Amino acid sequence: MSISIHSISKTFGSYKALEEVSLEVPNGSLTALLGPSGSGKTTLLRIVAGLEFADDGPGKILFHGENVSGVPAGKRGVGFVFQHYALFRHMTVAQNIGFGLSVLPRSKRPSPSDIRDRVHELLCLVKLEGLDKRRPHELSGGQRQRVALARALAIRPKVLLLDEPFGALDARVRKDLRRWLRVFHNEIGLTTLFVTHDQEEALELADQVVVMRNARIEQVGSPQEIYDRPHSPFVYEFLGNVNKFTDPSGNQSYIRPHEIDVVFAAEYDPTTDRLARIQHLFSAGPVATLSVRLDDGKFVDIELSRKQLDDLGLSVGDEVSIRSNLPQ
Amino acid sequence: MSKRRIIPGFGLSMGFTITYLSLIILLPLAALFLNAAGVGWAEWRSILGSPRIIAAARLTFGLSAVAAAVSVVLGLLVTWVLVRYHFPGKKLLDSMVDLPFALPTAVAGITLTAIYGKTGWIGCHIASAAAWIKTTWQPTGWLGDQVNSWADFGAAYSPLGIFIALTFIGFPFVVRTLQPVMEDLGHEIEEAAATLGAGRWTVFLRVILPLLTPALITGFTLAFARAIGEYGSVIFISGNLPMKTEILPLLIISQLEQFNFKAAAVIASGMLVVSFLLLFIINLLQRRLDWQNR
């Protein structure tokens, strides 16, 4: 089910959280709302969920063409996974997952045995078979996350909304779960919108990335487009490391650390290169990071493969020539 | 005990704790039981089995339980308002909750009697309402006696008055135990329930209330324990009619005033044993309910 957001504004007192934001989330896509804190991304997600309502005005939210702007969260049919999961800690895992079904009006409520079957099915889906009788405090962070996901999916939502889904997990679990969620999304094909402040997460996971800043959308596109063709300096700087240059007339240009080549100082070519001295060298990992100092005192970060670095045999203090279309 | 701690002083602080508890709590209690033990078993039975003591015990424990239960409901409501809403004067209201703690109980008793007695602001309405009930339905039996008393004296000189006094002193305990727990609940959990389709009433009954239950039981226990031992605020409003509105602490005092120390010690010991058993049972119940050991 596609989501259309039309010119939504939201103010809290005098603070503008969203200003006329419009966005299309295609059916079956995995879309990331990416931005620094305070950019309005969580507010937008909460408005889509019906947990918050947009300011009066022309703004509206459509689910598959149907206006749901005034529909409260409980009737909107959204699965929402909270940053800290918000599991019911007095209930077992099975009771948590079955909650949405057990609160349906009597006429629509499945029988207890049907609820049990559905809970079991969901536990298998999120790979937590056998944990149905545990309580939330007996689970690890990653397991809680998946219980929250299963609970949200139990009501067969039209769209799935995730608020900072990996924010509260440690790095290792985060990576595993990220990959798992990607595969999971491909399997179930549910339109999914998630909020994150981690650019790496957004680029790796999403089909469509929405970069937000100061209550507005800065750029929308595939991860490739966003990374390769940023529309604004903000997007350029927000997505990954970047070296920023200002020429004497005040124009700014950007170059990513991996777009710079390093050659021996002996091969210095004054038309494309600049001479620099290695200040710092970090090579624990597949990618080596160099910090070099140009003759004018400016520091530049460079990323090389380990192999390149080893072939060059460089060490701190060496003079090198760095090659790219750097401004002179 | 060779394990090094960041903050030393276990021996010292534990020693102080034991000494303090012994001097302030254990020693007086031991003296009480020792005093009471000097009386023979037959005399124990005759003192505790006297109709006047039994009536007072039923009144004390029964009304304390009812008042604590009502305090829980009132306290829940007040805490809800204090935690969940922002309004001008909130801080003031919050401090007012503590007033029953600070007010000398005798002052509370006199004030309550003045307000709920027949000539008081509220008591006069209670009296006229009771008079109306009396002529309309002519209730008989226990209720008839109560209505007659209300019509004659307002809420004063009746179990209703004692109940009012016990609720007054009990409900701050509920508010103060509930407040931090409710503040910790946060909004996410309710929002989660709402996105799953639960209505407001369902969210309250199935999500919020179960999470508050352990704190509510603690609040009930504190209010109940306080009500059992309450003296000052009750004796003014109750009128101390034998067999009707006498509470146990009053009987202890009246024995003491007659220099009948042994009988006072026996009543006090009996009260202590019953109170201890009740509190112990409530604690066990709470242990079973305590699913919050995160």
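The values are calculated or read from the model by the stated rules, or taken from the named source; none is laboratory data. In this text the structure is predicted, and so the values were computed from the model without any measurement. In this analysis, Cβ positions are derived from the backbone assuming ideal geometry, glycine residues included, and neighbour counts consider all displayed protein chains.
Key figures
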| quantity | calculated |
| --- | --- |
| Test set (1) surrounded by 12 or more Cβ atoms within 10 Å (Cβ to Cβ); (2) over 28 Å from the mean Cα position of the chain (by Cα) - A:G313 fails condition number | (1) |
| Residues that are of a type in the set (G, A, S) and either assigned to a helix (DSSP H, G or I) or touching an Asp or Glu at 6+ places or on another chain (Cβ under 7 Å) (or both), drawn from region A:147-178 | A:A148, A:A150, A:A152, A:A171 |
| Matching helices (runs of 4 or more DSSP H) fully within region B:1-104 where at least 1 residues are under 30 Å from B:L160 (Cα atoms) | B:41-48, B:51-84, B:90-96, B:99-102 |
| Residue match in region B:163-186 (condition: in a helix (DSSP H, G or I) and on the phi > 0 side of the Ramachandran plot) | no |
| Residue that is in contact with a Phe, Trp or Tyr (Cβ under 8 Å, 6 or more places away or on another chain) and not assigned by TED's automatic domain parsing to the domain that holds A:Q219, where the choices are A:L312, A:L304 | A:L312 |
| Criterion (in contact (Cβ under 8 Å) with a residue 60 or more places away in the chain, surrounded by 17 or more Cβ atoms within 10 Å (Cβ to Cβ) and in contact with a Ser or Thr (Cβ under 7 Å, 6 or more places away or on another chain)) met by exactly one of B:I267, B:I247 | B:I247 |
| Pick from region B:187-242, criterion assigned to a loop (DSSP other than H, G, I, E, B) and away from every other protein chain (no Cβ under 13 Å), ranking: surrounded by the most Cβ atoms within 10 Å (Cβ to Cβ) | B:E230 |
| Boolean, B:R176 is within 14 Å of chain A (Cβ to nearest Cβ) and among the charged types (D, E, K, R) | no |
| Within region B:124-159, considering residues that are of a type in the set (V, I, T) and in a helix (DSSP H, G or I), the one nearest to B:N240 (Cα to Cα) | B:V147 |
| Hey, B:I162 buried (at least 18 other Cβ atoms within 10 Å of the Cβ) and within 30 Å of B:P214 (Cα to Cα) or not | yes |
| Yes/no for A:P257 being assigned by TED's automatic domain parsing to the domain that holds A:K16, farther than 20 Å from A:V195 by Cβ and surrounded by 13 or more Cβ atoms within 10 Å (Cβ to Cβ) | no |
| Enumerated helices (runs of 4 or more DSSP H) restricted to region A:29-135, each holding at least 2 residues that are within 28 Å of A:D207 (Cα to Cα) and within 14 Å of chain B (Cβ to nearest Cβ) | A:41-49, A:73-76 |
| Given (1) in contact with a helix residue (DSSP H, G or I) (Cβ under 7 Å, 6 or more places away or on another chain); (2) in a helix (DSSP H, G or I); (3) touching a residue at least 60 places away in the same chain (Cβ under 8 Å), index of the condition A:I226 fails | (3) |
